[in-house]
1. Quick one: compute the contact order of the chain, relative version, from alpha carbon pairs under 8 angstrom and 6+ residues apart, as a percent.
2. For the stretch 198-274, what are the per-bin percents of Cα-Cα distances with bins 10 Å wide, up to the bin holding the maximum?
3. How far is helix 599-616 tilted, in degrees, relative to the longest principal axis of the Cα atoms in the chain, given as a value from 0 to 90 rounded to the nearest 10?
4. How are the Cα pair distances of the stretch 342-451 distributed, in percent, across 10 Å bins from 0?
5. Measure out, as a whole number of angstrom, how far apart the alpha-carbon centroids of the stretch 741-793 and the stretch 86-163 sit.
6. So with the 1.4 Å probe, I'd like the accessible area per residue for the chain, rounded to whole Å².
7. Specify which labelled value, from (1) 177; (2) 232; (3) 196, agrees with volume of the Cα convex hull per residue in Å³ derived from the coordinates of the model shown.
8. Give me Rg over Rh for the stretch 123-250, both radii from the alpha carbons and Rh done the Kirkwood way, two decimal places.
Amino acid sequence: MQDFEKLGVFYLGRLYDIKNKTQMEDLLLYDSKDLVTHAICIGMTGSGKTGLCVSLIEEAAIDGIPTIAIDPKGDITNLLLTFPELRGQDFAPWINEEDATKKGLSPNDYAEQQAAIWKNGLLKWGQDGTRIQRLHESADFAIYTPGSNSGLPISILKSFSAPPLGVRDDNELLQERITTTVTSLLGLLGINADPIRSREHILISTILASAWQHGEDVDIGQIIQRIQTPPMTRIGMLDVESFYPSKDRFDLAMQLNNLLAAPGFSLWLEGEPLEINKLLYTENGKPKVSIFYTAHLNDAQRMFFTSLLLNQIVGWMRTQSGTTSLRSILYIDEVFGYLPPLSNPPSKLPLLTLLKQARAFGLGIVLATQNPVDLDYKAISNAGTWFLGRLQTERDKARVMDGLEGASLSGQQQYDRKNMEQILSGLGNRIFLMNNVHDDAPALFETRWALSYLRGPLTREQIKVLVEPTKKQWKESPSLQPVQSSSMAPSTALQGISQIPAVPPDIPQFFIPLIQNQSVNQPVIYHPYILGAAQVRFTNAKTKIDQVKDVVFLTPVTDEPIAVNWDSSQQTPMPISDLQKTPLENVLYAGLPAAALKAKNYSLWESDFTNWLFKTQKLELLKSQNLDAVSMTGETDRDFRIRLQQIAREKRDEEVNTLRQKYAQKYAKIDERLRRAEVDVQEHEAQTRDQKYQTAISLGTTLLGGFLGRKALGGFRTTSRDMGRSVKKKRESEYAKENLQALQEEKQRLDSQFQTEVSTLDTKINPMTENLESIAITPSKTNIVVRFVGLVWKAN
């Protein structure tokens with residue numbers, strides 16, 4: 001069998017001869033880079049669409065490519081049913097007992113039968129339990145159930161956080177994010193809001209825009225408060241009260257509050273945050289396949305969550321670097337309703353954005369459906385790959401033909417609509433037509449046997465059993481426990497006063513904002529601190545490192561002999577731009593030590609701060625010797641290894657491409673020589689046959705002439721010459737065959753040489769297991785720039 005464990009290709013099946021209804025020996029190996037231009041999979045129930053898409057996700061996982069899958073029906077959860085040992089007892093908990101009863105078998109016997117079927121099916125396609133084990137080791141698989149604790153819970157709170165800077169800086173993207181978020185939220189209330197005409201939509205959109213443009217995170221509770229007390233005075237040309245009276249705003253706030261207080265809604269706010277990077281990779285940097293099971297949700301809830309998830313993916317995408325290699329996959333198992341041709345549900349805008357822009361960031365979009373009529377074909381006509389299975393009606397076929405024609409016109413293939421229609425009409429179960437704009441022509445193939453046990457949609461109880469080990473790890477994981485903030489208050493309790501201490505005008509003072517978990521209902525006492533902010537540059541010519549780190553430290557100011565001791569300081573992530581010039585109202589102030597009232601002391605403390613930074617600051621980075629890459633400031637071991645995987649994948653794709661180009665000319669030459677040798681063999685065989693006929697005729701004529709008494713000497717001479725020619729032609733034919741066989745053996749040696757070189761690419765060090773080198777770089781004093789040292793007040 002042809003080798004399918006190649007770098008950067010997905011083994012999806014074997015080519016299929018539709019005329020003879022038989023498999024061909026050639027495998028269908030799909031180049032993973034082609035998926036960067038997205039794919040559409042269309043087929044009716046029973047066409048094998050689920051098996052094909054599951055196999056594609058399996059291949060991506062084996063190649064170290066993570067996937068986020070939206071699963072409205074529950075079929076994709078079968079990816080967690082993988083059993084390397086292929087034992088009946090492994091299948092038993094997951095079989096459909098109704099099927100066993102229909103066949104007159106006990107559950108255990110039916111499980112053994114299913115195990116045997118799966119084992120034999122895999123063997124037929126050149127696979128076994130070892131490949132299933134490889135799938136296990138290549139990626140982690142997780143099932144998330146939003147709004148339910150059957151699977152892994154997922155929190156939507158992150159969905160109302162300010163988008164990344166890349167989105168906030170793009171007005172069009174920011175407005176799309178706000179529009180889809182608000183439309184989804186109002187949809188949960190049963191409000192079908194028009195973004196232009198609905199005052200509910202406009203008010204909440206304005207509230208989100210006001211917060212997000214300043215990088216401020218909000219939650220539903222804060223949205224309720226701001227609906228009652230808007231942060232703006234005017235909306236458009238009208239004041240807020242005229243545009244949306246307080247009584248009506250209170251009604252809207254009550255509706256949202258009722259949603260928040262509804263039984264079961266708390267489940268939407270629990271669990272892992274909706275952070276795309278954590279859904280694509282584990283804490284250790286291992287690729288993940290994150291499946292979002294939404295079959296239990298109603299239509300409004302499903303649209304709400306799907307739109308929020310798509311928005312998060314758009315935001316994550318804009319923070320990634322550009323690449324031509326496949327970085328990750330977004331798969332939607334049934335896109336019906338999310339991308340209609342006429343209406344504009346909340347999911348449509350982010351999906352359109354992803355289809356237009358994701359390819360530049362290495363994110364491949366795979367959309368599947370059994371309802372091809374209700375799709376926006378203008379949006380998906382640029383998809384590079386179409387997988388087409390058996391269709392149910394002529395109307396379905398006509399819509400697919402229209403979409404496929406648009407996709408073909410955007411590529412380089414010649415489109416033959418009549419031929420396509422004939423092919424589609426003859427497709428059977430698990431037979432698909434692949435139209436890939438990167439290939440010269442469409443290909444028919446039969447899908448391979450899935451490594452996962454395709455038993456159909458799982459129940460919520462079965463999902464609960466599957467994810468229980470992960471939930472147990474979550475409970476035991478310290479990283480999931482709430483982080484307790486440490487207090488930096490001076491050890492000496494100071495008496496609070498209601499008036500701010502008088503400070504000379506040449507000493508500027510600022511106020512640190514109250515952190516979110518501090519309650520304004522408790523007495524607030526401001527304590528004095530000295531804040532130092534600097535920019536530290538770390539350079540190293542040998543490793544070509546030149547990175548800048550912004551640091552901010554807080555240290556108490558006391559009445560001790562050394563009033564400010566930077567060794568007692570603590571670093572804070574707060575940027576100095578967050579400092580406020582005015583304090584809160586109705587607060588108390590601790591006493592201010594005398595040293596803080598002398599302006600000249602601040603110059604001394606700034607000098608001390610520079611010296612202290614010079615002695616204490618160092619940049620600890622990680623370096624990969626194999627890929628000659630260095631981690632960035634603040635990049636964790638996990639994130640660095642994730643980035644290394646992408647670098648390695650890009651380098652591998654480049655090397656494979658170079659290798660293919662290197663061998664392309666050799667294959668072209670040997671194929672041309674083979675073609676000529678085959679023609680030569682055919683010509684010599686034909687000449688040998690003709691000469692045999694001529695010799696036989698000549699011999700017969702000679703013998704007949706001798707029998708009839710005619711002179712036969714000339715005839716015998718002619719016959720002798722013909723027999724000589726026949727022997728010569730036979731020798732020439734045998735030589736031609738030997739030459740053809742030698743060329744075939746030469747091509748086999750070339751194939752072996754090519755495969756050997758390809759296999760060496762796969763033996764290089766894996767970024768996940770490489771021992772990274774630690775690098776510590778200290779700054780010079782000239783590379784320390786102090787931006788601020790001054791008096792600040794902090795509430796403790």
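The values are calculated or read from the model by the stated rules, or taken from the named source; none is laboratory data. Just so it is clear, the structure is predicted and the values come from calculations on it, not from any experiment. When we count neighbours, we look across all protein chains shown, and the Cβ atoms used for this are built from the backbone with ideal geometry, even at glycine. Keep in mind that these areas ignore ligands, DNA and RNA; they rest on the heavy atoms of the full protein, side chains included. Shrake-Rupley method; radii C 1.70, N 1.55, O 1.52, S 1.80 Å.
1. It rounds to 17 percent for the chain.
2. 17, 47, 29, 7, 0
3. With rounding to tens, the tilt is 30 degrees.
4. Per 10 Å bin, starting at 0, the Cα pair percentages come out as 13, 44, 33, 10.
5. 35
6. Computed with neighbouring chains in place, this is 50 Å² per residue.
7. So the calculated entry is the one marked (2).
8. 1.21
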